[in-house]
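Presented below is the structure to which this report refers.
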Amino acid sequence: MLEPFNKRILDVINKGFKSFLARRGTGNLYRRTDSSDIFDNVIQAALAEFTGKPGVEIFPNGVTARFLFGGKVLVRFKKASRRGRGQNIPTGANDDFLDPSLPFADAPAAMKVEICWKVNDLGTGYTDVYVTARNGAGVLWTYELPGGEQEIIKFPRETAPPNRRSVAKLKDPAKGKKRNSSGEAS
């Protein structure tokens, strides 16, 4: 269904996370802020990747963008819940998107799906990416997007040698004391 676009979709999610981590600094206090920042970076990466490209039509609005792939599949990007479906705030627009019987005005024959990423435990990347068609709170069908191997984040391995001037030697209180007949220091 999204086969010719799979690699580019995964690249978009990778770029979104990479951009998020580069801008993150010391991090956010709340996970919901991280979630919003990641979402924003993924949407910006998707707009950069697909704007003006053949086979993709973009429908931006004030708070998100939807992407029509091959004239048949209308997609929105979302953070996944533990169960692999999009986490959504109940709004009229959200409910309309999740209702398969309501056509999207600009693409009435298109199937509506969510591309959802599951954030890893550290909040530094994703573990899985799912394509999911919903029916309100339920799921019509879902599959994992193939090829979801994410770039490995490398941590520095070298440690700086200790600064010898800052190493203090502690005196052994038992050293230098005379021993009594039982062998104890006094």
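The values are calculated or read from the model by the stated rules, or taken from the named source; none is laboratory data. The structure displayed is predicted, hence computed values, not measured ones. All Cβ positions, even for glycine, are placed from backbone atoms using ideal geometry, and neighbour counts span all protein chains on display. Keep in mind that these areas ignore ligands, DNA and RNA; they rest on the heavy atoms of the full protein, side chains included. Shrake-Rupley method; radii C 1.70, N 1.55, O 1.52, S 1.80 Å.
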Within the set of pairs 6 or more residues apart or between chains, which connect a residue that is open to solvent by 80 Å² or more (accessible area, probe 1.4 Å) inside the range 48-66 to a residue that is at pLDDT 95 or above with Cβ atoms less than 6 Å apart? 57/68
For the range 67-107, the count of residues that are among the hydroxyl-bearing types (Ser, Thr, Tyr) and open to solvent by less than 50 Å² (accessible area, probe 1.4 Å) equals 1
Answer yes if at least one residue in the range 2-11 is touching a Leu at 6+ places or on another chain (Cβ under 9 Å), of a type in the set (Val, Ile, Thr), buried (at least 17 other Cβ atoms within 10 Å of the Cβ) and assigned to a helix (DSSP H, G or I), and no otherwise. yes
Selection status of residue 19, in contact with a helix residue (DSSP H, G or I) (Cβ under 8 Å, 6 or more places away or on another chain) and outside any loop (DSSP other than H, G, I, E, B): yes
Considering only residues that are in contact with a Lys or Arg (Cβ under 9 Å, 6 or more places away or on another chain) and either at positive phi or among the charged types (D, E, K, R) (or both), which ones fall in the range 97-124? 99, 106, 112, 114, 118, 123
Could you identify the single residue in 128, 172 that is modelled with pLDDT of 80 or more and acidic (Asp, Glu)? 128
